[in-house]
Amino acid sequence: IYLSLLGPKGLRETAELCLQKAQYLRRSLLAHPRFEAACEGATFKEFVIRDRHGKVESLMATALDAGYLAGIPLGRWYPEMSDCFLITATEKRTRQEIDGLVACLTSAN
């Protein structure tokens, strides 16, 4: 129902917000030496980040303790990606929330 209520213009605006916020999150994480892109190419809302420290499970637990559902560790389904997690940003997230998530992830041990 939500999408149908948006209409074509609203759907386009929502998609653009998702793209902008996800790109901002991606750029913010990749500016930190701990993280790198696990996959190159175009993305929309979701993308895969590699934790160079290889501590994805503890990183996600730290974020959860801080109130963030930061991402999905991929090692369970892709053992070769045990140092990676899937992360997303939607139109609902504010810049302050994104910045808080980035600060949490970049300051974790």
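The values are calculated or read from the model by the stated rules, or taken from the named source; none is laboratory data. Computed from a predicted structure; not experimentally measured. Backbone-built Cβ (ideal geometry, glycine too); neighbour counts: all protein chains shown. For accessibility, only protein heavy atoms count, side chains too; no ligands or nucleic acids. Shrake-Rupley method; radii C 1.70, N 1.55, O 1.52, S 1.80 Å.
Summary of values
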quantity	calculated
Folded to 0 to 90 degrees: helix 56-65 orientation relative to the chain principal axis, Cα	60 degrees
The chain - Rg (one decimal) and Dmax (whole number), Cα, Å	14.6, 44
Placed amide H near Cys84: partners under 5 Å, 5+ positions off or other chain	Asp51, Leu74, Gly75
Separation in nanometres of the label points that stand 7 Å from Cα toward Cβ, at Tyr24 and Phe44	2.0 nm
Folded to 0 to 90 degrees: helix 95-107 orientation relative to the chain principal axis, Cα	10 degrees
Stretch gain in nm, segment Thr14-Ser82, where the contour uses 0.36 nm per residue and the Cα spacing is subtracted	21.3 nm
Carbon plus sulfur fraction of accessible area for the chain, probe 1.4 Å, in percent	56 percent
With DNA, RNA and ligands ignored, accessible area of Leu11 (1.4 Å probe; Å², nearest 10)	80 Å²
Å² per residue, accessible surface of the chain at 1.4 Å	63 Å²
Ranked by how many other beta carbons lie within 10 Å on average, peptides 62-71, 98-107 from highest	98-107, 62-71
Gain upon complete extension [Glu91, Ser107; 0.36 nm per residue less C-alpha separation]	3.3 nm
In the range 1-71, the GluC sites (Glu not before Pro) that fall in loop regions by DSSP, at most 13 other Cβ within 10 Å	Glu40
